[in-house]
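**Student:** The structure under discussion is supplied below as structure tokens; questions concerning it will follow.
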Amino acid sequence: MTRPVRVRFAPSPTGYLHVGGARTALFNWLFARAQGGQFLLRIEDTDQTRYSPEALHDLLRDLKWLGLQWDEGEGVGGPHGPYTQSQRLPLYQKAAEELIAKGAAYRCFCSAERLEALRAEQTAAGKPTGYDRRCRNIDPGESLRRAQAGEPFVVRLKVPEEGETTFHDLLRGDITTPNAQLDDMVLLKRDGFPTYHMANVVDDHDMEITHILRGDEWIPSTSRHLLLYRAFGWEPPQFVHLPVILSPSGGKLSKRKGAASVGDFRDKGYLPEALFNFLALLGWGPGDDRELMTKEEMVAAFTLDRISPKSSAFDETKLEWFNEQTVQRLPVEALVPRFREVLGKAGVDLSGEDDARLARIVEAVRPRVRLLGDFAAQAAWYFRAPSEYDPKGVKRAWKEGTSANLDLVADALSSWNGPMDGEALGAMLHGLCEKNGLGPGQVMMPLRLALCGALIGPDVSSIVAELGTEESARRVRAAQAALSAE
RNA sequence: GCUCCCGUCGUCCAGAGGCCUAGGACUCAUGAUUUUCAUUCAUGCAACUCCGGUUCGAAUCCGGACGGGAGUACCA
């Protein structure tokens, strides 16, 4: 009775992976993992005019980047392949023939022009639009003859003219549509390709999908899908229609308003772990007050009944917070490669640096990092002496007599032969202040400025330890030369 | 136009008839910590769309209004 859960994400490779789509994929993934089931990826490329190979490539890359690895499907294979609809055409043809033979579907020879005129007429009359079923009762023999004679046609489903169709949505309960509301939808297009509806139903059945988690824009179509399942005599899967993700202003989330695709957020310096966490909490919650969760925790807590039916706004400020928190929580080793990447982009060559040192630096500066790009400003100076000094910092830290004070520091650093650690150096620097009757601010602030180029960064002593006393002394001298002249 | 879905702080998530003078988080404000910046901590601002009904009692159930969203393709 309880079949293993099988869910799928079935995108159309026509553009970038929108975060709304990513969230749909993510819920499918979470549900599969939570249930110990399978998550499949199927490519719905039945619209030849909109297909784009780059889109497909980006899609796969972005899904993997987010951590949504699929168990079956494109690039992975599996027992129900192929997983690309354009490679499954004969299946749909066969299914359509079967329906025609059963009398559940029929060929329609109406031209596009006639349908357009019909629609215009209906709209003008203020009536609901829809196919008028003119070809519905063409004699089967005649229909076949016309098809064999080469007359172009589409295949339509014979929707009952009376009664109503109800499907059950796990989130919203029963949703009923009067059949009179449904027109005879196209199953097979003139070019022999299936429509979404046809391909979707045939494939979901064929691939033994148990639960369909998809965007709620499909709600109006689901009654028709149900009719299709019935026409085939197949048991329909469970339906869960996910709410949409809105922009903060309430409309659709678009590139123009900042960012909308997974790739956009990756480029802006977000971690996949953070985006994953944030997206999961958009329309779902574990039931308690937890927000920062690992994937494992989310899998353990995930149930369908905790999904909210209401659409939610995408608040990037909160995403930023998730990112910042994720940066603090991730093991440093996971951050080091990204650190290398960011610094590399900022023109700092780290190829000669070993991971242990970078890990120390990452650890020291990560509390100041919100987006990955922040690593550049927060840490570049570890690897190259400042070439200029932040005017605001100079104004605050560089006073008359500062240079003279720094002479003491430079000398002390040059002659330092104690251990190269922050604590010892800190003690030494503070001792130096005390001995000369200087406040710590008079020494530490300008020293920081000399080392970092601005009043930023972790504890000064630890910076000296990381840089080494020799390099630190050199930077002090350089700062004196650059700033005392003014 | 017609059909459908949704409606708790600005935003996200709790709340499934009394535990709600509605809780947590982001943002913002104030304060503490910090030799810098950031972190961290504390405090504060801020919501049940409206109107009826059911009930001893409603954010929670029902109806309507209003608002937002979606569908209405030989696109998905």
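The values are calculated or read from the model by the stated rules, or taken from the named source; none is laboratory data. Being a predicted model, the structure only gives us computed values, none of them experimental. Counting neighbours? That spans all protein chains shown, and the Cβs are built from the backbone with ideal geometry, glycine included.
**Student:** Assuming A:Arg8 fulfils every condition listed in (1) in contact (Cβ under 8 Å) with a residue 12 or more places away in the chain; (2) under 15 Å from A:His205 (Cα atoms); (3) not in a strand (DSSP E or B) apart from one, which condition is it?
**Tutor:** (3)
**Student:** Sort through A:Phe302, A:Phe265, A:Phe278, A:Phe232 and tell me the only one that's more than 26 Å from A:Asn179 (Cβ to Cβ), away from RNA strand B (no atom under 15 Å from the Cβ), surrounded by 15 or more Cβ atoms within 10 Å (Cβ to Cβ) and aromatic (Phe, Trp, Tyr).
**Tutor:** A:Phe265
**Student:** Scan the range A:238-259 residue by residue and report those that are surrounded by 20 or more Cβ atoms within 10 Å (Cβ to Cβ) and not aromatic (Phe, Trp, Tyr).
**Tutor:** A:Val240, A:His241, A:Leu242, A:Ile245, A:Leu253, A:Ala259, listed by residue number.
**Student:** Which is within 12 Å of RNA strand B (Cβ to nearest atom) and either surrounded by fewer than 16 Cβ atoms within 10 Å (Cβ to Cβ) or touching a residue at least 12 places away in the same chain (Cβ under 8 Å) (or both), of A:Gly422, A:Gly401, A:Gly437, A:Gly418?
**Tutor:** A:Gly422
**Student:** Among the candidates A:Ala120, A:Ala105, single out the residue that is touching a helix residue (DSSP H, G or I) at 6+ places or on another chain (Cβ under 6 Å) and hydrophobic (A, V, I, L, M, F, W, C).
**Tutor:** Just one listed residue meets the conditions, A:Ala105.
**Student:** Quick one: would you say A:Leu271 is within 14 Å of RNA strand B (Cβ to nearest atom), of a type outside the set (Lys, Arg) and crowded, with 21+ Cβ neighbours inside 10 Å?
**Tutor:** No, not satisfied.
**Student:** Additional query: How many residues does the range A:352-376 hold that are at pLDDT below 95 and within 27 Å of the chain's Cα centre (by Cα)?
**Tutor:** So the count comes out to 0.
**Student:** For the range A:177-207, give me each residue that is within 7 Å of RNA strand B (Cβ to nearest atom) and polar (S, T, N, Q).
**Tutor:** A:Thr177, A:Gln181, A:Thr195
**Student:** Taking the criterion of being under 18 Å from A:Tyr196 (Cβ atoms) and in a helix (DSSP H, G or I), would at least one residue in the range A:231-253 satisfy it?
**Tutor:** Yes; the residues of the range A:231-253 include at least one that is under 18 Å from A:Tyr196 (Cβ atoms) and in a helix (DSSP H, G or I).
**Student:** Among residues belonging to the range A:112-167 that are among the polar types (S, T, N, Q) and touching a Phe, Trp or Tyr at 6+ places or on another chain (Cβ under 9 Å), point out the one that is modelled with the lowest pLDDT.
**Tutor:** A:Asn137
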